[in-house]
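These notes concern the structure reproduced below.
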Amino acid sequence: MITAVAKRALQQAGKSAATFLTLLTLISSSTSAAPAQAPEGTVKAQHGDWQVVCKPPPPGAKSETCALVQSVTAEDRDNVGLTVYFQKFSNGTRVLRVFAPVGVLLPPGLGLKIDGKDVGHAPFLRCHAFACYAQVVAEDTLVEQLKNGKTAIFIIFQTEEAGIGIPISLSGFSQALAELQ
């Protein structure tokens, strides 16, 4: 039996599923082993197809934690989507993290092409109940490609023979990135 509170929560979750997944990506960067509390975060800006999402500072930190986020679904498969998350840490390190659906084939990792040029691949690091993710430190070369490119295609595999290319628009990435500087 679903309570009225649960019904409202389910309705709200349906309306803001993309925002919820975005906030889960922010929470997953935490190193705490404690269960996650209700996510808090705010979309601070929209630049093209990228959102700047921020959450309050963690204990002991002076500033809020912000990331560039875009969530998409494969054009030909409604059940296959990605959330791309780009964050700059206070020490200057920039990280590109991509969340793929559970069930993705892990050994091939995640492939990336920008404007048709093969950029490389990254291994999947961990799977959670809601997604598996790959992460790389974003060096200057990759950041410039993302800033100047039009489309990034992230490639995941469900079988060894069946790669699925999921396009991510890079429209607005450069402007959104300026807010993380």
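For region 26-57, filtering for residues that are at pLDDT 80 or above and not hydrophobic (A, V, I, L, M, F, W, C) leaves 10. List every residue pair whose Cβ atoms sit under 8 Å apart, with the two residues 6 or more apart in sequence or on different chains, where the first one lies in region 163-177 and is touching a residue at least 12 places away in the same chain (Cβ under 8 Å) and hydroxyl-bearing (Ser, Thr, Tyr) and the second, anywhere, is surrounded by fewer than 17 Cβ atoms within 10 Å (Cβ to Cβ) and part of a strand (DSSP E or B). Close Cβ pairs satisfying both conditions: 169/151. The residues of region 76-102 that are closer than 16 Å to residue 166 by Cα and over 10 Å from the mean Cα position of the chain (by Cα), listed by number, are 76, 77, 78, 79, 80, 81, 101, 102. Could you please give the count of residues in region 146-167 that are buried (at least 18 other Cβ atoms within 10 Å of the Cβ) and under 29 Å from residue 63 (Cα atoms)? Residues that pass the stated criteria total 1. Among the conditions (1) out of contact with any helix residue (DSSP H, G or I) (no Cβ under 8 Å at 6 or more places or on another chain); (2) modelled with pLDDT under 95, residue 128 misses just one, which is (1).
Of everything in region 122-141 that's within 16 Å of the chain's Cα centre (by Cα) and over 14 Å from residue 104 (Cα atoms), which residue is surrounded by the fewest Cβ atoms within 10 Å (Cβ to Cβ)? Walk me through how you get there before you give the answer.
Step one: list which residues in region 122-141 are within 16 Å of the chain's Cα centre (by Cα), which gives 122-138.
This time we only want the ones that are over 14 Å from residue 104 (Cα atoms), so: 135-138.
On the way: 135: 18, 136: 19, 137: 10, 138: 18.
So, considering only residues that are within 16 Å of the chain's Cα centre (by Cα) and over 14 Å from residue 104 (Cα atoms), the one surrounded by the fewest Cβ atoms within 10 Å (Cβ to Cβ) is 137.
All of (1) surrounded by 15 or more Cβ atoms within 10 Å (Cβ to Cβ); (2) under 28 Å from residue 45 (Cα atoms); (3) not hydroxyl-bearing (Ser, Thr, Tyr) hold for residue 75 with one exception: (1).
The values are calculated or read from the model by the stated rules, or taken from the named source; none is laboratory data. Because the structure is predicted, anything quoted here is derived from the model rather than measured. Methodologically, a virtual Cβ is constructed for each residue, glycine included, from the backbone with ideal geometry; neighbour enumeration extends over all protein chains shown.
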